[in-house]
Every structure is written in structure tokens, then in C-alpha cells.
Amino acid sequence: MRKPSLPVIVVWIGVIASAAIASPLFAKSRIEAVKGKPYPLAKQNGPWMIMVTSLWGETTEQKSRAEQAANDLVFELRTLGIPAYTFKQEGHLEELDTYDRLGRAQKRYFAAQRDSILIIAGNYPAIDDERAQKTLRIVKQLRPKSLDPVAKLVPGGKGPLHKAFLTRNPMLPEELKYSKGLDPLLVRLNSGAEHSLFQNRWKYSLVVASFNGRAQVDPAKFQEFDKQLATEVTLDNAGLECWQLAKALRSRGVEAYVFHERYRSIVTVGGFDLPDDPEIDRLMQLYGAKYKPSADTNAPSLVAETVSLPGRRAGDPAAKTWIMDAYPQLIEVPRLK
């Protein structure tokens, strides 16, 4: 009989986390650590914490082992003086409106988030808290014994938790989670990027295209994942598509910007001080889906607009084509401060 595979650490594109090692930093800490006792995350923890890692499994057996591994890691962290907790994150599917080559509307679904168990540690008042920063540096170097079975899956000889980062307690309401600034992950993803939405000095901008990506990838399948980049939209590839579309729009004199979120990247156009600016309606009409005769029935159907890069020579097919969002949306421009 084939032995069930071990649960694997999930690598979030652009995001992962970590644990800790023995250090004088924690010498005076008195954190309860009872083997086998669950320590679930609560709203009062944090508000800033270290995202340690995410464990998951496909089968019932793998999910059970992932939960056990999560509890073991929490216990290991607590014995080192770091308050660690588990948080069960429910998976969810997101719906995409797409169109086939005949212009017929289709709906597709992708797993924006997988069922997983997050291990989150520490309780810090701010992202720049000195203790938080020191703990984070130590955490990135840890090779916890509880993750020995999966540590070998991490390429480059690095520890399995080398991409740890500070984040808000995921149980906080959204209005509290970012009330004192953007999620640091979004800041990191967008700071310094060419045509970043952070550079838009207006209050509002219009989202005209969205590129969704897979939020996770199994480290054991990195080679396969790299091969899929050419045919599947991942978070990395989504970001590249957005940048290319923004460049194409800017080459036509359009004020276009890019912004990367946790599970998608977006392209926006324009900047407005007021939400009722008449230019917004014009752009919505320009980039939004329109009713056009169907190629097979001649009946009107809603068809998304496209933006294309022309071929090298006149008469050549388009070098690349992007499908715009059917319904452009006005958003507030995010600010770093």
C-alpha cells in the first residue's frame, strides 16, 4: 500500500512566514506551552503578528497530519518563548466572467484560497516595534524540528521559513486591519514599481482590467509551476500582464496605473477628485463590455472590450490581446501614509 504523502508547506507568491530559535531575546518570556493543547488565534491577539507558515493537505489523512504538524510547530515556538497560535483559513472559489472566441459569455472558477491552517506568532503594537523586528529576523533563520519532513522541499538550501513577514491579525475587522496604514505586503508589492497606483495623485481611479492568479503553489512542484507560467495566469504572471497592458495604454496617451493585491493585479486609468466626474462615465463606456451581434446567431450579446498590441507589420495579427473587465469599477487610490 502506498504511504500517504506528508502535508506540505504552501508558498504564497510574494508571501510566507516563519518561527523562532532560542535567543536571549526570549529568555524572560513566560509563555504557556502544553503539548497537545490547541492555541487558536483570537481577535485580541496582535494587532501586529508574524505570519509563520501555512499547512494543508488534499486528503482527509493529509489534512489531519497538517493539523497535527501545525499544533506541533505552535508548541515548539511556545517552548522558545514566542506566543504562537493556529488559525483555520477556509478556502474559497472566485468567479471570473470570460468570453469564448465567438463572444459568448462564460463563467470560470479558480481557487483563490485553499483550505489551510495558518501558524501566526507574536503580539506587537506596531509593524516597526523593535521587538517585532528582532523576532522576525530570528524567525527567518529557524529550521523547526516539527517541519523536518518538508524542509527539504524548499529550494536553494534556505530554511522553510525564510520569507517570514509581519502582518495584521487576520481576525481583525477590515476597517481596523488597515486603519493605520496599508497591509505591509501590499506596500512591499507596489512600492517602487513602474506606473504604480501609489504614483496617482488623485483621490479616485477606474479599474478597467483585472488579472487573477493562483494564490499558492506547492514547493514540490516548482518545476511544473514554472512550465505553467506560459499558459496559466499566476500571481507573478498576472503582475507582468498588468504591467504590459499599462505600458500599451500609456503608449496611446492613456494615464494607466498598476496595483498588486493579494490574489489579483489590476490596471486602472485616470485620476479624479470627485466620484461624479463626467470623464468617469466616458471611460466606463469606452472600456466596459458592450452588446454586439453574436457571430453564430446574430443576436445581441454582451462582449468584453479588448486592447491589442499591433503586429510588427501592417496586416499582421495582433501581437497580444487583453480582455478588459466587463464592468469597470471606481476605487479610492491607496495611500502609503
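Scanning the range 38-52 for residues that are out of contact with any helix residue (DSSP H, G or I) (no Cβ under 8 Å at 6 or more places or on another chain) and not hydrophobic (A, V, I, L, M, F, W, C) yields a count of 5.
Taken residue by residue, the range 66-89 has at least one member that is modelled with pLDDT under 90, loosely packed, with under 13 Cβ neighbours inside 10 Å and under 21 Å from LEU166 (Cα atoms). Scanning the range 247-259 for residues that are surrounded by fewer than 19 Cβ atoms within 10 Å (Cβ to Cβ) and closer than 27 Å to LEU185 by Cα yields LYS247, ARG250, GLU255. Taking the range 260-291 as the search range and keeping residues that are at pLDDT below 90 and either loosely packed, with under 12 Cβ neighbours inside 10 Å or among the polar types (S, T, N, Q) (or both), which one is farthest from LEU197 (Cα to Cα)? Top of the filtered list is TYR291. In the condition set (1) closer than 27 Å to THR53 by Cβ; (2) of a type in the set (S, T, N, Q); (3) modelled with pLDDT of 85 or more, ASN200 is compliant with all but (1).
To keep it simple, each residue is scored yes or no on (1) touching a strand residue (DSSP E or B) at 6+ places or on another chain (Cβ under 9 Å); (2) on the phi > 0 side of the Ramachandran plot; (3) at pLDDT 80 or above; (4) of a type in the set (A, V, I, L, M, F, W, C).
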residue: LYS107; (1), (2), (3), (4): yes, no, no, no
residue: ALA111; (1), (2), (3), (4): yes, no, no, yes
residue: ASP115; (1), (2), (3), (4): yes, no, no, no
residue: LEU118; (1), (2), (3), (4): yes, no, yes, yes
residue: ALA132; (1), (2), (3), (4): yes, no, yes, yes
residue: LEU142; (1), (2), (3), (4): no, no, yes, yes
residue: VAL154; (1), (2), (3), (4): yes, no, no, yes
residue: LYS158; (1), (2), (3), (4): no, no, no, no
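Every residue, every condition in (1) among the β-branched types (Val, Ile, Thr); (2) modelled with pLDDT of 85 or more; (3) outside the structural domain of ASN200 (by TED's automatic domain parsing), yes or no:
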{"residue": "ALA299", "(1), (2), (3)": "no, no, no"}
{"residue": "VAL303", "(1), (2), (3)": "yes, no, no"}
{"residue": "GLY311", "(1), (2), (3)": "no, no, no"}
{"residue": "THR321", "(1), (2), (3)": "yes, yes, no"}
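Note on the range 260-287: residues that are in a loop (DSSP other than H, G, I, E, B) and farther than 27 Å from SER191 by Cα amount to 2. Cβ-Cβ distances below 6 Å connect the following pairs, each with a first residue in the range 303-320 that is small (Gly, Ala, Ser), a second residue that is in a strand (DSSP E or B) and modelled with pLDDT under 80, and a separation of six or more residues or different chains: ALA304/TYR99. As a summary of the residue check, LYS43 satisfies the conditions (1) of a type in the set (D, E, K, R); (2) exposed (fewer than 15 other Cβ atoms within 10 Å of the Cβ); (3) modelled with pLDDT under 85; (4) in a loop (DSSP other than H, G, I, E, B) except for the one numbered (3). Of the residues making up the range 41-66, those that are under 19 Å from ASN123 (Cα atoms) and within 23 Å of the chain's Cα centre (by Cα) number 13. Exactly one residue among LYS37, LYS3 is at pLDDT 85 or above and over 28 Å from the mean Cα position of the chain (by Cα), and that residue is LYS37.
The values are calculated or read from the model by the stated rules, or taken from the named source; none is laboratory data. Quick caveat, the model's predicted, so the values are computed rather than measured. Using ideal geometry, Cβ is built from the backbone for each residue, glycine included, and neighbour counts are taken over all protein chains shown.
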